[in-house]
Amino acid sequence: MQRYAQGDFRAFEELYQRHKGGLYRYFLRQLGEHGLAEDLFQEIWSKVISQAPSYQVKAKFTTWLYTLAQHKLIDHVRHIKVANKVINADKVEHDEDEKIPQNQGVNEKSPEHQLQQQHTAMILKHCIQALPLVQKDCFLLKEEAGLTVEVIAHVVGANYQACKSRLRYAYNNLRQCITHKMGRSSI
Amino acid sequence: MSQQDNNEYPDQLKISDLYQSLKHEQPPEAIDQAILILAKQAGNTTEQSIKSAQFAEKHQTSKTKSNWRRWQWPLSIAASVMLISVIFINQYASFLPNSTVFSPEEAREFMVNSAPISAPSAEQKKGLLRKDAGLEKPATASSAAHNYAEKQALLIVNTELVQQTNGGLQAQQKQKEYSAETLAVQRNSKRVKIDEMPTQIKLSNIEQLRQQINTTQAQLLSLSQQQNDAVLQDSFTENSGAHLSLKELEMKALKAQISELQNALFKHMQSYYQHSPTWQVDNKLLKLLRIEQQQAWQTLSKQTVVQ
């Protein structure tokens with residue numbers, strides 16, 4: 001980032017290629033819409049570019065990037081209604097149509113396995129979407145940005161124990177959600 | 001970590017692994033290009049701004065200079081005003097009206113403009129008319145001839161009156177001039193002690209005082225003669241008393257003026273004599289002094305005053 005501030009464009013390109021996927025998916029998983037995710041994604045990188053001259057090395061670039069993203073997301077969520085997408089931590093949707101029979105003993109490389117994989121992915125995405133906002137936020141910062149619990153706490157503005165709890169609840173909910181949809185043996 | 005956590009931890013790992021296997025969404029290529037182009041443009045601008053910043057740092061002194069130059073004129077004007085104010089305050093005493101010195105010309109002008117010029121009174125005109133015109137009604141002259149003669153006489157009288165008035169005016173003007181000069185001399189005398197004056201100044205003052213005394217005495221004499229004539233001609237008129245009072249006042253003022261001039265003259269003479277004991281005073285000058293002043297001078301200089 002400092003090299004880019006000095007005028008090295010390739011430094012920025014490298015940064016962008018490294019972080020673009022995770023940031024994009026972060027917005028995508030949170031908002032559930034490609035268009036909206038793209039808008040916020042572009043806004044964040046514009047901000048990174050504009051603040052490059054004044055950038056100071058106080059923390060990792062990843063931390064700074066996802067802090068900007070998290071603030072932008074909060075600002076956006078305040079203006080839209082996402083209550084119908086926020087589900088209570090104890091309540092998990094059940095979709096009988098998505099359940100797949102277990103113990104089919106298929107080959108991993110077979111088309112059937114691939115199909116199963118795709119189906120599992122779809123279910124997981126659905127379950128992530130169903131998570132409460134704060135749990136989803138912590139889960140995505142961990143999985144997409146690779147941040148530790150301490151850094152996640154700093155980004156979201158909460159303490160360490162609260163973040164750890166949110167993560168635990170997030171994984172539990174996902175497990176339950178997937179189990180309900182696919183059966184216990186899937187995980 | 002608790003037992004529950006241990007049981008859950010493998011699930012977390014599995015979910016995490018499952019999620020990582022899903023990650024394949026990427027932003028559209030168009031957005032990538034747009035962001036990279038923006039970064040490139042901003043990078044060029046940043047390079048220019050860095051150069052500008054370096055240039056600005058290099059010429060930072062000129063900016064401070066321009067700030068100073070902006071305030072150059074107001075500061076200089078303020079400093080000038082302050083300087084003038086300080087000088088004026090320090091020299092304020094010199095500008096007081098009491099310490100102003102009038103030049104003799106200015107005093108003369110003041111006296112001329114302020115003092116009223118007395119015109120010949122009606123009685124004076126009548127007196128002259130009777131005395132000089134000699135108007136008598138001829139016993140046998142015709143009315144036309146009589147009128148003609150009367151007119152001629154009046155013309156003569158008026159001419160004389162005008163001449164006398166002019167002379168009187170001139171005398172009065174001269175008197176005022178000398179009064180102004182006297183005023184200046186007296187002021188100079190008061191301001192600067194006579195003993196501290198240079199000798200040349202003393203001589204000059206003495207000469208001036210002599211002339212003033214002569215003029216004033218002439219005026220007094222003229223006024224006295226006028227008064228006498230008025231007494232003779234108007235002794236039986238109603239306004240004669242008031243007219244005579246005015247004359248007396250004028251004479252009294254002239255006498256006081258002469259007395260002051262004599263005092264000043266005597267002082268100047270004494271002071272000059274102290275510096276120049278061999279000075280021989282002109283008798284005419286001595287006669288201008290009062291009797292007691294003449295005696296005092298005689299005692300001082302052992303010079304006999306020729307009466």
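A few comments on the model shown:
- Cross-link table A:47/A:125; A:72/A:164; A:125/B:14; A:20/A:72; A:20/A:60, entries beyond 26 Å C-alpha to C-alpha: A:47/A:125
- Taking amide hydrogens as placed 1.01 Å from N in the peptide plane, the amide H of residue A:148 sits under 5 Å from that of no residue at least 5 positions away in sequence or on another chain.
- When peptides A:60-67, B:272-279 are ranked by their average number of other Cβ atoms within 10 Å per residue, the highest-first order is A:60-67, B:272-279.
- Nearest-0.05 FRET efficiency for residue A:3 and residue B:56, computed from C-beta distance (R0 22 Å): 0.40
Any read-out appearing in this document is the output of simple, stated calculations on the displayed coordinates, not a laboratory observation. Note that the structure is predicted; figures quoted are calculated from it, not measured. Note that each Cβ is placed from the backbone with ideal geometry, even for glycine, and that neighbours are counted across all protein chains shown.
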